[in-house]
1. Restricting the calculation to Cα positions, tell me the Rg (one decimal) and the Dmax (whole number) of the stretch B:218-367 in Å.
2. For chain B, what is the relative contact order in percent, using Cα pairs closer than 8 Å and at least 6 residues apart in sequence?
3. Looking only at other chains, what is the average number of their beta-carbon atoms within 10 angstrom of each beta-carbon in A:18-26?
4. Where the centre of each part is set by its Cα atoms, how far does the stretch B:281-350 sit from the stretch B:201-250, in angstrom?
5. Per residue and in cubic angstrom, what volume does the convex hull of the Cα atoms of the stretch B:147-299 have?
6. How would you order B:387-396, A:260-269 from highest to lowest mean count of nearby Cβ atoms within 10 Å?
7. Tell me, how many Å apart are the Cα centres for the stretch A:284-319 and for the stretch B:85-117?
8. Tell me what chain B gives for mean residue ellipticity at 222 nm when only DSSP H runs of n ≥ 4 count, each as -39,500 (n - 2.57), the sum divided by the residue total, rounded to 500 deg cm²/dmol.
């Protein structure tokens, strides 16, 4: 069976999803209850979880879900926004083509033929979208939007310091979209406290993010039956096990880690133990007992007070541990063991060879070790002393039902993922990352292309060096990509520095809290430069066939970026004049780490404004059309966010106020506190555009009996 | 997320609370919970229709554990109550009914969930800060030098469980026993922090309730034949005890991952037995009087020990290991040879007890922190209920030791709190209204919903058609018989308020709880003389009730906040 794939079908699907998603978007969003086939009940406001729970059947919906999940794999955030954007884009497109349909009908073409015609039209639009994404969007981002960016770091020096106030605002925003309305400020404070307690030194926060993300399950304990407000942070590490033996101890407490049973066994694997007589058996048993006794005695002399074991220890070991005043925690998971090792850099205890106790015993010191009772369940609580930049703390999350505790756990984990995204260190893989994430704007391409043509900036030698790199030369491309790795780290520091120095002139201060904020102006390019490029972009696509596919577009970019980097590095003495232009144009073409905007649809309204502005200037009809469509669709998010607000805080009021401020070149005043990541928003937008192109290029959906993949056992199910 | 296998699409419903069916099921659940509430609550009989045991109960933990609810919203509600009960044992019905009432009231008043949720949270914080403050008029500090208040607390727990079928005399008896059992678990010499002992409930099914008793130490049930075998005990001041964790049955322990080859003619059984007998010799040499083992003792070893007048008891079970080792001061032994002398413990005396047809081996400790509560009842299902009640009472006492205060029971706390909240929001609304996200009207409506939820909760204490009144001075609860004449002098009809603190002879004004009241400020700060003189108060556990209140409001907020339900139909 085949069904026509059309915008209409996709729109219907997207609208259904949008109604669900919009109900839980933003600070006023509500909860959704999901049940599992096992009978578990889960509360959620997490877009990806909801999409997963829906088990969508419709082919269009599956395409969308696949796109969302691939977006989430990359960024981990923005599923709800994705669906809403997509829905509104489809709606706008549908409206536009509805208008044009009359002309089609009047021509009286047969329906089937009309469908194909339609499809050609969609393909055309999808290419226009692609061009928009790679050319116009990035240009607008760089040249206009970036002047509104704020930074989460306290200073623009190389040593990046987190500011607690902006960190709190960022988290608050995140949790507003993830946990129930009554709890977001509490959870965000909890998370903020947790993070700052865990951080040993301000500059090494990335390691903390990574570690907490990796061992999140081990670092938090869920307790049901207590009110949420009883959640708290406990210092030290709480193991999800009870002591097998607990001997109260204080002072110098040393711990050892065992990954095997301490009691020797008759025979290890692969060996054979031959018993010849009863006496031999008795002696060997006696030897085992004596040996265990000796080891435990030895541990005691080394001041060991706690034995952590990943396996179950025999009764004999437990007995001698207790006799020697050593507490024991058994059956630790491998994750717990590796977390302990990571925190204390302690290596597992190796059984000393027969009767020689001279090996250096690996021990670590703990401040305390005591049982912790939460809801009549006992846990082992250790005050580990950290040797890395993570000071161990655990979060105890309470809630009346498991579903709520689970939601808070997921939200906290997600927050750490989101922060990792925002603070991703751009120093080393700056270039590659940029090209991966399409941060580099195409104006750059035009610029250099322009300079190639006009040969104003680029001199002959460079031309000669890169003569081979023509646009479609793949071999050279590979080569330049290797350059890219080599040079990237050399170029960036200077570039960044320069960016910081030259760009910090004007300040945008939306609220008093940001007074101290040094607004990172990524673009302080003089108006002349912009003027220079404007006509170029307009005229450029004419030389470029629109049917050119994406891959080539991207390769263009790589080549050209590397070229500039190469210039900076290879010709240091000649680049004096060049560097100003090349490095400037280069560094502006990225969204630096930690770039944020005030929450509440600011990003969308700003981008909407600048896109419309751009559309006005643009002469090409498609570009104008696509820009207008996207600009209008962007407003959907603030519309939903301000839905329940009345009077001065209603959406039209805010919209008009913002536009006026922008037209008058005044700072945009946001009514809401809270910050959100620019790169996150940007990535959602690009992913949505990609998804839309994917949907638009489908003309026919054919349902087949068999899976495209060879999964045989599932085939039978499918046929049923 | 992106599935390849065919799965049934989920069912997605919007605005679940507006559906008539959901509200009907909620009110059914509320009906079930409400009718169980309080001393005159009705009992529920649980049976599965296929035979087997029948449970008669009015307690939330037994009721909800056996009730299978299908609707996700009800599931949230019941699990939330169950989780609360597993933490605090008490106030389960309170939590459940309050939660249902809140949801129902918010809906009845047509409030938007968004503001109602926020306001509920504010009102809850008003409640908790008042209950924790010094001026709170419904909280009594516990004085541990007298047992008066603790006894009242235990008695209130027992009275509120009608399924235990206790007479007044039996209630007195059992509450004294429970209190005694609890006091026995408090160690005499306390250091900086107290570690409570354990009271073990021993079933004496078939005996009268009045025959129940508390004994210090641990009772191990045995058949008469077994017990006669280990008799007689020798006379001594103190008995040396060895407690084994490791099995003494002569089985071979783990031999490792490799292979063990045993040559023909080598009998490992004999070798192990030799080892066991050696152990026996060592025990006898160390003058041990009593050997206990968690697992099985080899008959030969048993025989050997009894020949040397050492009492041997095996199959103690893992549950008794911790109290046994705590009581006797032994270290559970995990070795078959070379036992350190420090692992032996001692008991003061050994004896046998007989209750009805049951024989017990009784270990009497030197220091009493472990005791056994022998609980009798003629009826099996009532015994279950009684046991649950005793556990609740013991837990409530433990909670009270941690937070030494109690709340007035009998509905007085709820009516008092409602009066306080009404008065607060009417006279000092600025603290809530200052942010400007809600209007005065919304605040008043939500307050009304919140307070009437509390008041109708106390209303459900009355099951026999009587009327509920409240006084305008203390805000306490008074109930009137159903068949009372309509116009009378109130003090003649009423005797004491719900908690028993105030008598009707004071000059008070009463009004019906259901009628519209004019807000008044309930008198804060309990007079001390009133608390001292009253000896028959109804009291509630502070920690459990406070947490129940919080959990109820939080759960109600959670349910009110739902916009969609996605049901996985796979």
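Read the figures in this text as sums done on the coordinates, not as results from a lab. Because the structure is predicted, anything quoted here is derived from the model rather than measured. All Cβ positions, glycine included, derive from the backbone under ideal geometry; neighbour counts span all protein chains shown.
1. 16.4, 55
2. 26
3. 2
4. The stretch B:281-350 and the stretch B:201-250 have Cα centres spaced 14 Å from each other.
5. It is 261 Å³ per residue.
6. B:387-396, A:260-269
7. 54
8. It comes out at -13500 deg cm²/dmol, rounded to the nearest 500.
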